[in-house]
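Structure first, then comments.
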Amino acid sequence: MDLFAFGRFQIGVATCLAAFLAPCLAAAADPAPTKSITAALQPFVDNHSLAGAVVLVADKDKVLCTESVGFSDVGAKKALKPDAIFWIASQSKSITAAALMILVDGGKVNLDDPVDKYLPEFKGLWLAVEQDKDHILLKRPKRAITVRDILSHTSGMPFRSAMEEPTLDMLALRDAVKSYAMTPLQSEPGAKYQYSNAGINTAGRIIEVVSGMPYEEFLDKRLFEPLSMKDTTFWPSEDQLKRLAKLYKPNKDKNDLEETTIGQLTYPLSDRKRQPMPAGGLFSTADDVGRFCQMMLNGGVVNGKRVLSEDAVKQMTTKQTGDALKDNYGLGWSTGGDSFGHGGALSTNMTVNTKRGLVMVFLVQHAGFPGDGGKSLGAFQKAAEEAFASK
C-alpha cells in the first residue's frame, strides 16, 4: 500500500471512529438531560412518597437514557439498579395483543371473526339482563363477540370469572377460558367499554389454538427472541428474583411506605405451577419494555427486521372502541392524541409519543402512594419531554 493510500485508509478509520463515538462523547459531555430527569424524581424518594423508579427514554433508533432513583428495598437501603425486575401486570395486555396481531398479519386470524370460530365453547353465550344475589335473568346477545371486541375491552366479558380465586394465575389458560364461556356477558358486545382480563386471556388462548404451540412459547419465539427481551418472563428465575424490586403501599397513616406483596399472584413467583396469564402475568425490565415500545414506534420494525406490519401497529394504536363510546382504547393499548401506552396495577407505565418520537418507560412497584407520590409519573414524563425536546 503506497503512503497516499495508507493515509486515506487512516482518515477513513478516523472518520468512522469519530462517527461511532460522537453520540457517546456528546452524552458524556452533556449529562444535563439525565440529571434533569433524576432531579425531577429524587424529591419523591426523599419525602418517602416513592420507593424507587427505573426510567428509560428512547427514540425509534436508540436509548437516550436509562436511570434509576431510590431503592429496591427501602428497609435495607438497597439501591435500585437499572436492570431491576418489575411485575408489569397489565402492560402484558399490549404484548399479548402484539402476539395475536402477528397471526392476523399471517392471515391466520381475522379481527372481525367471531371468537367461537377459534374457540367453539363460546357458541351460544348468554347475556345477563338483571342480576342480584337471589336471581339472574338471561337472554341471548344481539351478536357474537369478535376478536376485535376482546382486544378492545368491548366484548361484554367480566374482569374475571368466579373460578379465578384467590389469585389469577393458578388456572390453566384452557380452563380459565372455558370458565369465561360459562359466565354470562355483562353487556352487549360492542356496546360498552368494560376493562376485562378475561377478554385478553381469551386472546391468548386463540394464539395457542391457531399457532399450535403454548401461548408462552409463542411469545418467546415470535416476540421476545426477535426483540432480545431476555428478562421478560412469567416465572422470574432465582437470579432475576434477586433483582426484583420490592412492592410498597402507603402505611396506615398514609405518611410513609409499607412493604407488601402481590395479592393477585401466587408465591413463590418462580414456581412453574403458576400459569402464564396473558392479561397481566409478565415480569420485565425497563430495557425490555423500551425495546418493545421502540418496535411499535418504528412501525413494527426492530433492527431492520419486521415483527408487525404497519397496518397492525396502526390498528393497535388507534381508537377501536367505536364512535359512540368516549373511552379511547385500541387493540391492547390506550390511545389518545399524539400518544399511546399502557399502565400496570403497580403503577408501571409505558408511553409512546408519536409527535415527539419518544418512548418513555416508568417502572415502579407501588400499590398506591403516600403524599404526592402519584405525581411522580407526570414529573418524569415532563422532564423527559423537556430534556429531549429536540430529538
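Take 293-302, 90-99 and order them by the average number of nearby Cβ atoms within 10 Å per residue, most first; the result is 90-99, 293-302.
If Lys and Arg each add +1 and Asp and Glu each add -1, what is the summed charge of the other residues whose beta carbon sits under 10 Å from the beta carbon of ASP149? Spell out each step's value before the answer.
Details: positive: ARG143, ARG148; negative: ASP112.
Once all neighbours under 10 Å are counted, the net charge is +1.
Scanning residues 5 or more positions from LEU244 or on other chains, those with amide H under 5 Å from its amide H are ILE85, with H placed 1.01 Å from N in the peptide plane. Here the Gaussian network model covers the chain, with springs between Cα atoms less than 10 Å apart; of SER211, SER339, SER161, SER211 fluctuates the most.
Which of the peptides 372-384, 323-335 is most tightly packed, and how do the rest follow, judged by the mean count of other Cβ atoms within 10 Å per residue? Numbers along the way, then the final one.
Working: 372-384: 19.5, 323-335: 17.9.
Going from most to least packed, we get 372-384, 323-335.
Structure remark: mean-square fluctuation, Gaussian network model of the chain, C-alpha springs under 10 Å; the largest value among HIS135, HIS153, HIS366 belongs to HIS135.
Helical runs assigned H by DSSP (4 residues or longer) give the chain a calculated mean residue ellipticity at 222 nm of -10000 deg cm²/dmol, each run adding -39500 (n - 2.57) before division by the residue total.
Remark on the chain: Rg and Dmax equal 22.9, 96 Å (Cα only). Pairs from the table (LYS117/LYS178; LYS35/LYS375; LYS230/LYS305; LYS108/LYS314; LYS254/LYS326; LYS93/LYS221) lying more than 22 angstrom apart at Cα are LYS254/LYS326. Placing pseudo-labels 7 Å out from each Cα toward the beta carbon at GLU165 and GLU310 gives an inter-label distance of 5.1 nm.
Could you calculate the contour length gain from MET182 to LYS123, that is, 0.36 nm times the residue separation minus the distance between their Cα atoms, to one decimal place in nm? Walk me through the intermediate numbers first.
Numbers: separation 59, 0.36 × 59 = 21.24 nm, distance 1.03 nm.
Net length gain for the segment: 20.2 nm.
When nucleic acids and ligands are ignored and a 1.4 Å probe is applied, PHE159 ends up with an accessible area of around 80 Å². Among 114-122, 247-255, the peptide with the highest mean count of other Cβ atoms within 10 Å heads the list, and the full ranking is 114-122, 247-255. Can you return the lysines within cross-link range of LYS78? Criterion is Cα-Cα under 18 Å, with same-chain partners fewer than 8 residues away left out. Cα-Cα hits under 18 Å: LYS242, LYS246, LYS249. Our estimate of slack between ALA39 and GLN131, defined as 0.36 nm per intervening residue step minus the Cα-Cα distance, is 27.9 nm. Electrostatic bookkeeping for ALA39 treats Lys and Arg as +1 and Asp and Glu as -1; over the other residues with beta carbon under 13 Å from its beta carbon, the sum is -1.
The values are calculated or read from the model by the stated rules, or taken from the named source; none is laboratory data. Please read these numbers as outputs of a predicted model, since none were measured by experiment. All Cβ positions, glycine included, derive from the backbone under ideal geometry; neighbour counts span all protein chains shown. Each accessible area value is taken on the protein alone, full model and side chains, heavy atoms only, with ligands, DNA and RNA left out. Shrake-Rupley method; radii C 1.70, N 1.55, O 1.52, S 1.80 Å.
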